[in-house]
Every structure is written in C-alpha cells, then in structure tokens.
1. Modelled label-to-label distance, residue B:237 and residue B:171, 7 Å Cα→beta-carbon offset: nm?
2. Full extension from residue A:50 to residue A:7: what is 0.36 nm times the residue separation minus their Cα-Cα distance, to one decimal in nm?
3. Hey, could you get me the Stokes-Einstein D for the range A:217-331, Kirkwood radius over alpha-carbon pairs, 25 °C and 0.890 mPa s, rounded to whole µm² s⁻¹?
4. Take the alpha carbon gyration tensor of the range A:309-378, find the square roots of its eigenvalues, order them as a ≥ b ≥ c, and report rounded if a/c is under 1.5; if not, report prolate when a/b exceeds b/c, else oblate.
5. How high is the relative contact order of the range A:95-213, in percent, counting Cα pairs under 8 Å that sit 6 or more residues apart?
6. Measuring from centroid to centroid over Cα atoms, what is the spacing of the range A:323-394 and the range B:93-167 in Å?
7. Just the Cα atoms of the protein assembly as shown: what Rg and Dmax do they give in Å?
8. Taking N as the number of residues in chain B, what value does Rg over Cα atoms divided by 2.2 N^0.38 Å take?
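Each reported figure results from applying straightforward, stated rules to the coordinates on display, with no laboratory input. All of these numbers come straight from a predicted model, not from anything done at the bench. No Cβ is skipped: glycine too gets one built from the backbone with ideal geometry, and neighbour counts run over all protein chains shown.
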C-alpha cells in the first residue's frame, strides 16, 4: 500500500524527488527547539502547484497524512510529522510577479522570506514582514503561521500583508484565490481561514502580498526608562505623535540587555547610565528627515519625564548595531543556562501590568529565577522567558516548564490575553489550548476542520487534538521531555 | 406553532418588543433601493446578547429563519426577510468601553456608525470607517457586510478595523471573541469568517474595534486631470510620496461632476477650466502642516504633467464643500433619470484600463448611454453606474440591467476583479456569483455554511442560494423588477 503510493508519487514527480533515505528525511523530522522528533514515510519535493495537488490527492486516496514544510523554522512543533508524507515546498520558489503601481508581489510558497523582501526592494517597494529567521524561513510557512515579527506595529502581521492565496485543499482540489484586490466582498473570507491554520486546513502554494512605499528615511534610537509603566507611557506618546511612522517599539529590560552585552561579541553598551528598562524605537518616514523628527520626539519624552535618557543612531551602522542587540537576545539567553519560554500577548494598555504580575509570580514560585522578558511591546506581545537561577541544575529547572506555563498562562488568560501570540499553537501549545480557549471557539474550530478536512489528512494532531483523542494525548510520549541545550535557538 | 414561538419570545423580551403590526413590520420589509419587498412573522427587539441568543435558540428549535437588522441601509437586498423573524439590534446600542492607550473601542452591534465615530473622537482618537449612510447605518451591519467607504486607502475596510467579535451562532450559542489583541495565533481565525458573511453564518452582537491616532491636520484638494490614465499616474506618485498620509483619492470624471453641479443646491465649480476627469485628494498628518505638504505634492504633479490644474481647500468649510460634491454624486445622478449600478473592483494598476474598456463596451451597446463611473480609485473600487440616454424611457432603460451586468461583470472578471467590491452579495448579486466565482471557492463557502448553520436558519437565501434550489431561483419572482425612482438612493 505504502509502496504503491510512493511508486505513484515517484512516477509523477520523478524518483529524485521522493526521498526515503534516513539522511534525507532527518532535517524534516527534527524541529528548531529539539522538543520533538518525528517520523515519515517519505519527503516529496513537488515542483509546482499541480504536483502538490497530485501528491495530496494520492495521499488522501491512500488515507496517508501529509505535512507541508517550508523552511522548517517553526517554534511550536507545528511541522513535525508523525508518519505520512512530508511535502517540501522549497522547489516552488518563483517570484511570479511584482507590480509597484499595484503595490503587490505574487510569490510561491517556497520563496525564502528574504528573497521576497529583496524582490520588493528591487522594485522600489517595501515588503515589511521581518523576523529573525528571514534568511531561511519560507513565505508559505510565514502565512500558514500568520507570522509576526518586528514590523507589526505599523504594517500588521502576515495576515494583514496578504491579498490573495492559492491553496491545495484536503482532497487535492486547488482553490485559486490569487486576487490583488483592496476590496472584495464577493462571498465568505476564505483567505483568512487558511492563514494561521498551520497547514491543518489546506496547503498554501502561492500568495499575492501587499507592498508598501519604501520609506525615504529611517531613524533608530535606544531609550533608558524607569520601568515598564514608563515604557507604556512613552509608547503611547510616540504612537500618538508619530502615527504609522512609528515602525518599532521593542522592549528590553535590564537583565536581557546585560545578558546580550555579556555574551555578544562586539556588543557596545548603548547608554552610559543604568536603567531598569530600555526600548529600541524606530521611525520610518516618507520625508528625508526621520532623524530630526525622532530627535524632537525624544527631547519631548525626556522633558515630560517619560524617558531617563536616549541615544539616537547617527549612522546606518549605529542603527544596525542597536538592532543587533535586540535580535541577539534570544540566542544570548542560551549562554546563561536553561530557558523556559512563553510567547504571549495582552492588550497593549495592560502590558506593563502583565510584566509586573508575571514577574512577581515567577520570582515567588522559584527564588533566584531570572525573568528575561522582552519583545514587541507596542503589539502587547512579550516573549516572557525565564532563565534558570545561577548555579541551578539545568534539567531540573526545565522540568518546571509545565509549572511555569500554568503560572504565566493563567495570568495572561485573566488579562484577556493570548497564550499563542505570534508563533502559533502547533504541538507545543495544543493541549494548553482547551484549558484557556472559549469552548464555543474550540467547537467552531473542530467544525471547520471537519468541513475542510473530513478525513483528517492535513497535518493531523496539530492545533487540535485528533478526534477521539483526549486533550492530554500527545502523538509521542517522549515529546514532553524538556527543552535541551538552546544555544542554536533563535526564537524572536 | 408560530403562535407558540411568538408567545415564547414575548414572554422573554416583553410584548412591546415582539412586533407583528403591519406598520411596525413595514420598515423592515423594504430595502434601500426598493428592489425587493419581504415578509416576516415578526420583528423582535432584544435588549442584549443573551436575549439575541434566546431568540435564535427558540427560532432554531422551531425551524424558523432569522434575519438580523441594524440600520437596514444595505444596498444589495441582504436584509430582506422572506418569512421568519427579523431580529432588530437597535437596542444593543451601548459603547461598552473606550481605551485610548489601547486604541480600542468596544461597541454593541446596534450602535450607529456616527455614534462610534463620535465616541472615539471624544476620547481623542479616530475611528476612520466613513460612508454616506453613517448617520443611520449600524456598526453590526457594517461588520456583517465588511463595509468600505472613503477611508479604506489608509485604514482598510471594516475587517481591518476589527480586533474582536461577539457572535450569536445558529444554535443560539454565544462565541465570546471580544479580544483587544494585536497578535493572537491561538487557533483558526474565526473573526474574519463572520465579518462580511452578511448574517448567514452568525449574528454579530458586539465588537472590539481599532482606533487610530487623530490626525493633527488634514488638507483637501481637487485636481483636474487629462484622463483616467493620468489619474492613475497621479495616484501612484502621491501614494509613494505620502505613504499612509494619503487618506483619500476619489475619482470623478467630467459627466458626474457636471451632474452634481447641475442639481446640487449651492454647489460651486471647484476648478475654472474643463477637464476630462477630476480627483478629490485628502491627506492627514500627525504634523500641523498637511496643507503645505499637499501643496508641495500638487506643484510636483503639475510640473510632472500628471495634473492639469489643482485647487487646495483654504479652510475646513472649503474642504467640506469639496467632499459634498463627491458624496452627493449618487443622489444627484437620480435627477438625470434611470441608473444602472455596478459596485466593482479591479487591481489598482488596472483601474484606468477597466474604465476605458467598460465605458467603450457600454457606449457601443447603447448609443447615448451616459457612463457615470466614479469612486474609490485608490482602492480599485469603481461605482460603474450608467445614466439613461437623454430622452430615453426610464423603464425600458432599466430593463437592460441584466444585459449591462453581463457586459460590465464580464470585463471585471476578465481583469481578475470582483463583481461585489464593497456592498456585498446579498440577493442582488447572489445569482451572478456562480457565474464568476471559482467553483472551488463556492464549494468551500457551501461547506462552511453547512458547518456553521446546518439547519439553514440564518438569513437563508442570501449570498448563497439555499441548498436544493437552482442558481436562478430568487425567493420572489417579482424581485427582479427593475430599479424604481432613485432620488432617495444614497449609494456611495
């Protein structure tokens, strides 16, 4: 049966694109954080949408599950296969069209995010989606997970940057929704159902994405702040004063900054004095003087007592150095020992309160734990990470992960927040979801899954537990073993 | 059976809120354009979400359809009941919360759009959704139809302004999705499924909406242009130069401008000379000098030969007078006789080509027909209206509506456009949809309808034909009678 399926696939795709050797499978069975290890019958590499559809149709007939892979850079185990066929989309890597007047780019799912950014740039436009793994993640995966990143404040998540999609459905039919329209009310919104569904409702094979005018000038500053509350006030003031020109407000408390200064080669302390918290602020302007504009705003913040100190990058190199501090945080954290990570969001107005409450609760639960919480403050999205106490045993610390999940997620939930802000649910949060999600919403999700993938072929066991399984049944028992060495982890 | 249902509803809502008198029903059976006339068992007026849920549950048990009504200002017959119970949401009219720091407002579905705008304004923020009927349409209807309007260019449609929803489902369950989060990837995107579903998948009872910083200054100008192509070039230049500060680019060719100058009391010709086309341009700035900025842009346009002439409003009153010309277009068109209307969109880059092709085709089909096409050029959304030839018989002209649908919609379709850009599908375009929509998309829509409303209780016969009916079976035969006198029509 399996043999016959693989022969069918090889006949269509060519034997070179139906991989079954252990070494070929290996990179598709591991995932970024090393939390899970999967298994698969084969990895197939279709070259176009028609071949993807062929593979899905064949697998559906044989009742064999399929898992779509782009760059396999996800952080929630959403791409780990547990049997079935992995469909690698890396050969669907064409930029089909760029239209600067229309401000759109049409790309295939396997395009690397950086390639999309570069194609937009070459056409004089901006594709703003930007995240740590942009050199290796693929746009199909960005859309399947509704990726966030550092430019959400002004430009939105991947969802807000998408005008149209092409999707292979669970039965192998192709939905051609590749529209480049700003207004289209001709029926239900199918596009947004597939975006963020993590490959469980359909496989995105191409997309029409929105471009934005390229800013004429940008400016970057680093602020020293008295507290998270001060950061919130400073953020509100900047947003109201700058509108959509405020393109980043990233929060970095004292501890993560000290960690990155300690471990990152060549890192330079951006401000002379010591502050409880810091913010990386970026503005983008269609006029040439973003620097002057930001300088005026910073002077006002200091005069109003909302910032203690600030430095404005005087060159592109200085701006990049400030961004490098921010972008290295997650990796540098690994040098301090074990990390327990939470990707959460609350309403922006409550982000300071969240930081206070969650920090106090974690410090009370484990004296000496070092809260290493940073992130997309202006989106209410905090990477609420915990670094092990100095001298603690790493494995013992990591074994407390479920305990800290409960502490942090309970607080997030009580504040009307989300326990899965920008990385998705995948496997790692699947069994947390029923605890916090409105049961009516979960029921709706199950009905949608049933309507679009009645045989349960698409990425089974992700986001929702398979029908019939209890909420605690993860696909493999050893999946819950704690987080291993994290030096290669580049979670945002 | 019916009697028993109405008694059940009266016992819960109070007899004063279960209306069955003909005069009470009348406003709920008519629709804006007079194209359809419905019938209903009763109009009920629940006071809160729990009462809406009670009504839906009771009706579902009795297999009686429900149609939700807000301001009943829709333009596609989406609110016309054909039997069943009309649920008027006008008593759900509380602004539940406004949070300027969070930049959100939480409102009930029955809030008049202007009330939402005013509540935001009172809190120092902007709720940008703006359309001709804003004094009487209700926000629940705006969301159910994913309303567009004049501020989409910078701020998006109703969809892009919505963070969270509360929805009563087909079985009377309430989904509480009232989240105020900028990032939330905790499962499938339910919100966008209900937005734009025209009451056929659920009844929106409340929403968390996004606010924006209020601009510090605005400026309005009126441009004289050589052609639609010149308008497109001018638009591209302004968008690239102004980015999100370009908040409107409305297109008005010579004929509609002459119509409005002829009929609108007090209208003043904005430019001395005669031009083939005109554009109303608005910019909004977080800085105080929007006027100076726009003036500089206009000078560049003229120097580059993209605009023939331009006038900059020197006061708020002058700006309002320019906007009044644009907003009166649809109404004034009625004074020239019968109007055949199309609400369509194409990719922005093709909007000039669309105008040329559709104009030529309509003029060839009926010599003397006066194309009165105007609208949201920057969104690719044109109200491609046709005014009867001078001296023609109105009824005979209007009888040609289906013929012109075919001409205009075929061109839209060939250009990858939408035959339902901002007003929705409702009844008026329901049977056009199967002709132009990807059959895979239609099949997905039917599966979603089946999953969320298996009994077909919610606004049956809208958007999709009821199961078992052929695509040509409208609920009442006389529904297809042509458009009557249009003087009260204020379609955007």
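1. 6.0 nm
2. So the chain would gain 13.7 nm between residue A:50 and residue A:7.
3. In µm²/s, the coefficient is 175.
4. Judged from the Cα gyration tensor, the range A:309-378 comes out oblate (a/c at least 1.5, b/c at or above a/b).
5. Across the range A:95-213, relative contact order equals 33 percent.
6. Comparing the Cα centres of the range A:323-394 and the range B:93-167, I get a distance of 35 Å.
7. Both quantities, over Cα of the protein assembly as shown: 28.3, 93 Å.
8. Computed over Cα atoms of chain B, the ratio equals 0.98.
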